[in-house]
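Asker: There's a structure below that I have some questions on.
All of the numbers you see were taken from the coordinates with simple rules; none came from a lab. Keep in mind the model is a prediction, meaning the values are calculated, not measured. Cβ placement follows ideal geometry from the backbone for every residue including glycine, while neighbour counts extend to all protein chains displayed.
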Amino acid sequence: MLLKELTEVYEKVRARSSKLEKITLVSELLRKTPSETLPLVCYMLRGKIFPDYSAQELRLGWSSIWDAIRAVTHVSEEDLRIAYNKFGDLGSAVELIFEQNPKISVSLVTEPLTVEECYNALLKIATLRGKESLRRKKTILMGLLNTSSPDEAKFIVKTITGEMRYGFKQGLLEEAIAEAFSVDVAVLRKAYMVRSDIGEVARIAKEQPETLKELSIVLGRPLRPMLAETADTLEEGFKRFDKALFEYKYDGARLSIHKNDDVVSIFTREAEEVSTSLPEIVEDIQKIPHSFIVDCEIIPFEHSPKAFQELIKRLRRKHRVEEFARKIPVKLYVFDLIYLDGTALIDTPLLKRRELLATAIQQPTERIEIAKCILTKSSAEARIMFQEALDLGFEGLMIKNPRSLYTPGKRGIEWLKLKPEAETLDLVVIAVEYGHGKRANLLSDYTFATRDRDGNLAPIAKAFGGLKDAEIEEMTEYFKGIAREQRGRTFIVEQKVVVELKFDEIQKSSLYAVGYALRFPRIKRIRWDLSVDEIDSIETVEKIYGRQKRSS
Amino acid sequence: MFEAKIDAIVLRECIESITAVVDEGKLRIAEDGLKLRAVDPANVAMISFELKRDAFDDFHFEKGSDAEAANESPAATEVGIDFNKLQGILGIGGSDEVNLKLDEQAQKLFTRMGSLAYTVSLLDPASLRKEPKVPELEFPVQVIIKTDEFRRTIRAAEKIGDHIMLGVDGDEFYMEVEGDMDKLRLGLRKEQLIHLTPGTLHSLYSLDYVAAMSKGMSHADNITLNLGKDYPLQVDFEVADGKGKVSYLLAPRIESE
């Protein structure tokens, strides 16, 4: 299949505003896509070339993309910069550049680019390792761009920079697949939930639609975690669920653990396997009979919960693992059971799952506990638990519908999270600036962005307090490594560092285009566990603003 | 089944001529020898490589019956090779002769140099690009030049600029580089060359590529340059004492104005 067929549909979809038309356009494309290419088309439409159960990422530095564009077109550094500043994304910049500027060299390959070739090339860029790999990645990209039309080049660059992820939405893709192969969208969604691979599911929908219903969880293949909405008050839970299940909200990292007989695999919420960095947890889990998948939170813990930063030193560690296991003890709180001895439990109500969890893990260890929970109708009881959580050093409470099913990857109202009053926002750093005085050589002033209504990043705050000196030094090095360009004392950086920001209040302001600003913002901590996809949007900012007004 | 014995220097010469353009590729093994056609990842350069079986001291090839169904050509087998890695292994040296043995089932290539045995994993052919079509080209001008002379000029040119002009002006072949400050020009009359078709034309090429290619041709005495006006460059030369042929193709640079 030609890449052109895919990019043409993508352009049409972008130009339409009707959801139904978008779905129809994509479903027509999917219907004529050959079976073996179907998964690739699905991945590329979503802008992520790997299935969700894979932690692999398409990583190519911004400067490499920049160099590759300049190596294939007659464009000056200045003109490319102007184009980039016009759009704020390299994909749209390359489209304009390709329309206006000739290529430097003819391509020896005259056949048009196919989806398969493009996908294989991107896969290679993602997987090449070792010496020379950067040069080779860049050359592969040059080859792709050299044979691309402006539309195709935009599509390719946006896929690499991750901008494509804000293009065609996951939900629309599910509906398009269902329409293309005349399957029930609910069945398809369910199949995707258990498989974490939209490409595989699409292919099954095409080839054996009748088996879609029977798909189940694969032990050892990560599922996307079920997510929670923010609750404003304790009572919200009772209002929604009558009787609600309350759990402590732990301030750590979400993990899922798959145990298949003796084989234990521990995954982060991004599906990255971190088993080898947690040997003592693996060992304890191995002692538990049964095969299972549990959902849990891990925190650094020595007599009481320790700072989240400590955990960063343990997860993904490859060297001196044992030493750090002693230095930074951890505790695992298991709060859900998704699979037990051959049976998937995602359609089993939470309360029942909790019961099964208690029978599966009968002997908690010093390091592994079942998360405490209470089922109550009484807000007095819930309030006591909330206070208890805070006294113990936890983050707040989870409020769950006891009848809730486990829906991987969905953020629904079945689960709510409640934090104490002091609100924070998770925002992404888009620019960093040298400080003043003793911080004149350190990039200590950060500019943060939220996501506006169109899904674009928009600045909302600037802050320089909150981090320790050593952290600022570390971050200075880090930011220099992901800098896209320098403007005077400011670096524009890749949009990947998410920071939790404290502030006194949100104010209406004309300082930023979004119309709001934060009063006295300071950094609470860097959220290495969050990606730019998970930052708080302008809707959340407005919600907090509304609450502030009500309470004052 | 493929098993062969070859002089270490000859094999190194061949591999070097390949890595000048590509890091990896699909090597076609047949009864009459080895063949490779591959395009560099940037689609700017291409190599056609051929090594006859009599370049080997020993050469056994038999098409496995089980592999037959999977391959298009019944008389050949295709294996994905990381030539960079192979070149590194040959660099260890220690022997005058290299034994090669292919295990298609295990997807391994066993290489043995004296007492040193090295097992190389083959690359999945599905991960490699398909063999490129060679564009149909006609070159009005042909120049045959001593390799040393060509390479010396390229080495000097690299110090000056990013691209190089190759051209013919009447009876003269010239190579010209212009940097920000300096300029280098080599002009050779017909009688200083082995062969020249007179004409008036020139093309511009990326010096990075020409320099890489010039490393790959270092063992050949002469090279043949096929030229046109703003046209690809084709360089032909022999390897393995005439028992192998290499042909490079390089896309020209197009000037913006």
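Asker: What are the ³J(HN,Hα) values, in whole Hz, obtained from phi via the Karplus relation 6.51 cos²θ - 1.76 cosθ + 1.60 with θ = phi - 60°, for each residue of segment B:193-203 in sequence order, with x given for Gly and Pro?
Answerer: 10, 7, 7, 8, 8, x, x, 9, 6, 7, 9
Asker: Which of the residue pairs A:Lys239/A:Lys417; A:Lys243/A:Lys543; B:Lys26/B:Lys63 have a Cα-Cα distance greater than 18 Å in the structure shown?
Answerer: Exceeds cut-off: A:Lys243/A:Lys543.
Asker: Let me check I've understood the local charge: for A:Gln309, count other residues with C-beta under 15 angstrom from its C-beta, Lys and Arg +1, Asp and Glu -1. What total comes out?
Answerer: Net of charged neighbours comes to 0.
Asker: Residues of B:131-137, mean number of Cβ from any other protein chain within 10 Å of their own Cβ, rounded to a whole number?
Answerer: 2
Asker: Would you be so kind as to identify which of A:Val115, A:Gln100, A:Ser54 lies farthest towards the positive end of the dipole of segment A:48-166, taking Lys and Arg as +1 and Asp and Glu as -1 on Cβ and the Cα centre as origin?
Answerer: A:Ser54
Asker: Count the lysine pairs in segment B:141-250 whose Cα atoms lie under 28 Å apart, taking only pairs 8 or more positions apart in sequence or on different chains.
Answerer: Pairs that pass both the separation and distance tests number 20.
Asker: Another question, if that's okay. Going by alpha carbons, how many degrees (0 to 90, nearest 10) lie between the helix axis of B:147-158 and the longest principal axis of chain B?
Answerer: With both axes taken from Cα atoms, the answer is about 70 degrees.
Asker: Given Cα pairs under 8 Å that are at least 6 residues apart, what percent is the relative contact order of chain A?
Answerer: Across chain A, relative contact order equals 12 percent.
Asker: Could you run the Karplus curve 6.51 cos²θ - 1.76 cosθ + 1.60 with θ = phi - 60° over segment B:216-228 and give me ³J(HN,Hα) per residue in whole Hz, x for Gly and Pro?
Answerer: With the stated coefficients, segment B:216-228 comes to x, 10, 5, 8, 7, 6, 10, 10, 10, 9, 9, 10, x Hz.
Asker: Sticking with this structure for a sec: Averaging sequence separations of C-alpha pairs under 8 Å and six or more residues apart, then dividing by the length of segment A:56-114, give the relative contact order as a whole percent.
Answerer: About 35 percent, as a whole number.
Asker: When the Cα centres of segment B:91-119 and segment A:270-291 are compared, how far apart do they sit, in Å?
Answerer: If you average the Cα positions of each part, the centres end up 41 Å apart.
Asker: Still on this model: What whole-number distance in Å separates the alpha-carbon centres of segment A:40-61 and segment A:101-164?
Answerer: Between the Cα centres of segment A:40-61 and segment A:101-164 lies a distance of 15 Å.
Asker: With springs only between Cα atoms under 10 Å apart, run a GNM on chain B and tell me which of B:Ile144, B:Ile18, B:Ile92 wobbles the most.
Answerer: B:Ile92
Asker: Related question: Size of the dipole of segment B:141-250 about the Cα centre, Lys and Arg at +1 and Asp and Glu at -1 on the beta carbon, nothing else charged, in debye to 20?
Answerer: That gives segment B:141-250 a dipole magnitude of about 240 debye.
Asker: Dividing the Cα convex hull volume of the protein assembly as shown by residue count, how many Å³ per residue is that?
Answerer: Spelled out: Cα convex hull of the protein assembly as shown, divided by residues, is 207 Å³.
Asker: Let me spell out the model: positive unit charges on the Cβ of Lys and Arg, negative unit charges on the Cβ of Asp and Glu, origin at the Cα centre of the protein assembly as shown. What dipole size does that give, in debye rounded to 20?
Answerer: Magnitude of the dipole: close to 2880 debye.
Asker: Now for a separate question. Using the Cα centre of the protein assembly as shown as origin and beta-carbon charges of +1 (Lys, Arg) and -1 (Asp, Glu), tell me which of A:Phe155, B:Phe237, B:Val134 is placed farthest towards the positive end of the dipole.
Answerer: A:Phe155
Asker: Among residues other than A:Met164 whose Cβ falls under 9 Å from its Cβ, what is the net charge (Lys/Arg +1, Asp/Glu -1)?
Answerer: Numbers: positive: A:Arg46, A:Lys48, A:Lys158, A:Arg165; negative: A:Glu163.
My count for the surroundings of A:Met164 gives +3.
Asker: Now for a separate question. Could you let me know the centre-to-centre spacing of segment A:429-457 and segment B:154-210, using Cα atoms, in angstrom?
Answerer: 51
Asker: Who wins for biggest fluctuation among B:Gln142, B:Gln105, B:Gln192 in a Gaussian network model of chain B, springs between alpha carbons below 10 Å?
Answerer: Highest fluctuation among the options: B:Gln105.
Asker: Charges only on Cβ, +1 for Lys and Arg, -1 for Asp and Glu: so what's the dipole of segment A:331-477 about the Cα centre, in debye to the nearest 20?
Answerer: The dipole of segment A:331-477 has a size of about 620 debye.
Asker: For every helix of n ≥ 4 consecutive DSSP H residues, a contribution of -39,500 (n - 2.57) applies; sum these over chain B, divide by its total residues, and give [θ] at 222 nm rounded to the nearest 500 deg cm²/dmol.
Answerer: -5500 deg cm²/dmol
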